[in-house]
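Peer 1: The structure is given below, and queries will be raised subsequently.
The values are calculated or read from the model by the stated rules, or taken from the named source; none is laboratory data. Owing to the predicted nature of the structure, the values given are computational and were not obtained by experimental measurement. Methodologically, a virtual Cβ is constructed for each residue, glycine included, from the backbone with ideal geometry; neighbour enumeration extends over all protein chains shown.
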Amino acid sequence: MYNLYLLINKFIKYVIAVVLNLYPFRKSQTINKNESSLMTLPDEILVYILSHLNQIHICRICMVNKRFYILGKAKLYHSIYITSSKFQLLISPNLHTPFHRKFTISNRVKPLGPNIDLVKRIVFRFFCSAFYDMQADYPSIDVICEEKFHFYDEMLLNGYPFSKLKYSMIDARCEEKIPLHQRTYNRYLSGKRYQFERVITLSLHLSWNRYLNLQIVRKMTRLTNLKITAYDYVLLNQLLAIGVKDLPINSLEIIYQCAITGNSILDLHEIFNLEILTTLQLESMIWSSTPYNLADEIRELLSKLTNIKHLSLAIPDTRYDGVLDLLKPNSLHSIYLKFYWSSFERFLSQNILEGQEGSLERICLSTFIRSSLRGYKNGIGEMDKILKATWQMEVSESKKYLKHIGDMVRGGKRFQKLNQVMYNECCYSIERSAKGNVSVIPCNIFRTGEIELGYLIKD
């Protein structure tokens, strides 16, 4: 089985190239021998191949023949991601992130029609009335709302059935959400035994709420993904008291709704097991009245992250040059940095990423604060869920960024694995051919009907 897996991975790029290049549109012609060889593959292998494509490419493949149509349609309808018309996500053939390969994106609620039997999961980015309608109308479908916790207390007070309260992040299995307020906890467990070890993803809002029952968290022995919004960094000490450090948390995101301090960063190693973290995201959008550069504290924190792969830092008044020096060389796969009131050129001149150039696959640099005001999450997720452009970038400005990125990936051995770069809300995809040629392709800076060809930069 393992040898078959290696064979498939070796063969998959060739198969994708055959399907996409030979059959962008189906024409009445003699069947090519490449198509005949593809048709000899079992469905299991073809389904595996389709799992590596985004929805645009799947639609093109559905035009090849009836067999690809059946398999492709099943892939398209399996998992659907719905966002609002106000914050539309980009749908592009140039995006190959895990999110775009896993979900079919819809920027508005649409009728599912006769293909409803193919749908297994629907994820709503934002709460809307259609969320409850779909849960009621299609009980066999796993219907999830990412931002539902904002309306959580209201739903409980209205007597919404607990069996329908589900919460999950995109890359986690759907688990039932547990109320953490003492006034609803007993009501939730009455007449029901709940296995807390089922929970693998949890979102906590730490405030001075006397009803918050954090004792439940210590029972979540399988918890691996934890997101915390803290309205005072002192509140994190509550997690220290209940032994969160003993939980197998490997993905940690902390959003400080307060001015961040050096102590709040240094104390994290007392609360969490930093050595097992593969993803760490720290964000503070509050400006301090007495600006302080936290670079030294961040360096000390990062020195304890021996297994980190994905890092996001969005902290005001902090310089990032030198903060990555204590990380294991070539260990990071993704990095997100928000550096306020700086420029792309200045960032590149500081060689902040030196030492990680051999492993980085995705880089996101941002000077925007308005991202969070647009209903857009900062951090690693910003590289997956890319918004449609709300502006029209000047050709000269776009080509300037293309040149900077092109200089990063061409020549020598720098950034050989890099496949995506984002600057502010502009996304650039990096593609490499079998001959070693490199192309930098803008993904989302074009309005409908605008031609991208004039922007491409190739070797």
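Peer 1: Among the helices (runs of 4 or more DSSP H) contained in segment 34-94, which hold 3 or more residues that are free of Cβ contacts under 8 Å to residues at least 24 places away in the same chain and farther than 17 Å from residue 123 by Cα? Even if it seems obvious, please write down each step before you answer.
Peer 2: Values: elements: 43-50, 55-61, 66-78.
In segment 34-94, 66-78 are the helices (runs of 4 or more DSSP H) which contain 3 or more residues that are free of Cβ contacts under 8 Å to residues at least 24 places away in the same chain and farther than 17 Å from residue 123 by Cα.
Peer 1: Still on this structure, please answer the following. Taking segment 86-122, which residues are farther than 30 Å from residue 428 by Cα and touching a Phe, Trp or Tyr at 6+ places or on another chain (Cβ under 9 Å)? Talk me through it step by step, then tell me what you get.
Peer 2: Within segment 86-122, the subset farther than 30 Å from residue 428 by Cα is 111-120.
Within segment 86-122, 112, 115, 116, 117, 118, 119, 120 meet the criteria.
Peer 1: Quick check on segment 391-412: of everything there that is under 25 Å from residue 88 (Cα atoms) and among the acidic types (Asp, Glu), which residue is modelled with the lowest pLDDT?
Peer 2: 394
Peer 1: Then there is this: Give segment 438-456 a look and list any residue that's surrounded by fewer than 17 Cβ atoms within 10 Å (Cβ to Cβ) and modelled with pLDDT under 80, or say none. So that I can check it myself, show each step before the final result.
Peer 2: As a first pass, look at segment 438-456 and keep what is surrounded by fewer than 17 Cβ atoms within 10 Å (Cβ to Cβ): 439, 447-454, 456.
Passing the criteria: 447, 448, 449, 450, 451, 452, 453, 454, 456.
Peer 1: Would you check if there is a residue in segment 264-276 being within 20 Å of residue 339 (Cβ to Cβ), β-branched (Val, Ile, Thr) and touching a helix residue (DSSP H, G or I) at 6+ places or on another chain (Cβ under 6 Å)?
Peer 2: Yes, segment 264-276 contains at least one residue that is within 20 Å of residue 339 (Cβ to Cβ), β-branched (Val, Ile, Thr) and touching a helix residue (DSSP H, G or I) at 6+ places or on another chain (Cβ under 6 Å).
Peer 1: Specify the residue that is modelled with the lowest pLDDT; the eligible residues are those in segment 331-356 that are part of a loop (DSSP other than H, G, I, E, B) and of a type in the set (A, V, I, L, M).
Peer 2: Applying the first criterion (part of a loop (DSSP other than H, G, I, E, B)) to segment 331-356 yields 331-333, 339-343, 350-356.
Within this subset, residues satisfying the condition of being of a type in the set (A, V, I, L, M) are 332, 352-353.
Working: 332: 94, 352: 82, 353: 85.
The residue in question is 352.
Peer 1: If you scan segment 412-430, which residues turn out to be in a strand (DSSP E or B) and either in contact with a Phe, Trp or Tyr (Cβ under 8 Å, 6 or more places away or on another chain) or closer than 18 Å to residue 338 by Cβ (or both)?
Peer 2: Within segment 412-430, 420, 421, 422, 423, 426, 427, 428 meet the criteria.
Peer 1: Suppose we filter segment 57-70 for residues that are surrounded by 16 or more Cβ atoms within 10 Å (Cβ to Cβ) and either within 18 Å of residue 146 (Cβ to Cβ) or within 26 Å of the chain's Cα centre (by Cα) (or both); how many remain?
Peer 2: Residues of segment 57-70 surrounded by 16 or more Cβ atoms within 10 Å (Cβ to Cβ): 57-58, 60-62, 64, 68.
Next, only the ones that are either within 18 Å of residue 146 (Cβ to Cβ) or within 26 Å of the chain's Cα centre (by Cα) (or both) stay: 57-58, 60-61.
Summing the residues that are surrounded by 16 or more Cβ atoms within 10 Å (Cβ to Cβ) and either within 18 Å of residue 146 (Cβ to Cβ) or within 26 Å of the chain's Cα centre (by Cα) (or both) in segment 57-70 gives 4.
Residues are listed down the side, and each one gets a yes or a no for (1) part of a helix (DSSP H, G or I); (2) at pLDDT below 90; (3) surrounded by fewer than 21 Cβ atoms within 10 Å (Cβ to Cβ):
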| site | (1), (2), (3) |
| --- | --- |
| 248 | no, no, yes |
| 252 | no, no, no |
| 263 | yes, yes, yes |
| 280 | no, no, no |
| 288 | no, yes, yes |
| 291 | no, yes, yes |
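Peer 1: Turning to a different aspect of this structure: Of the residues 92, 79, 140, 106, only one is over 24 Å from the mean Cα position of the chain (by Cα) and of a type in the set (Gly, Ala, Ser); which? If you could, list the steps in order and put the result at the bottom.
Peer 2: Values: 92 fails: over 24 Å from the mean Cα position of the chain (by Cα); 79 fails: over 24 Å from the mean Cα position of the chain (by Cα); 106 fails: over 24 Å from the mean Cα position of the chain (by Cα).
It is 140.
Peer 1: Taking the conditions exactly as written (assigned to a loop (DSSP other than H, G, I, E, B), of a type in the set (Asp, Glu), touching a residue at least 12 places away in the same chain (Cβ under 8 Å) and out of contact with any Leu (no Cβ under 9 Å at 6 or more places or on another chain)), does residue 321 satisfy them or not? If you could, list the steps in order and put the result at the bottom.
Peer 2: Details: assigned to a loop (DSSP other than H, G, I, E, B): yes; of a type in the set (Asp, Glu): yes; touching a residue at least 12 places away in the same chain (Cβ under 8 Å): yes; out of contact with any Leu (no Cβ under 9 Å at 6 or more places or on another chain): yes.
Judged against the criteria, residue 321 is a match.
Peer 1: Take the residues in segment 223-238 that are farther than 12 Å from residue 264 by Cβ and modelled with pLDDT under 85; name whichever of them is farthest from the chain's Cα centre (by Cα).
Peer 2: This residue is 238.
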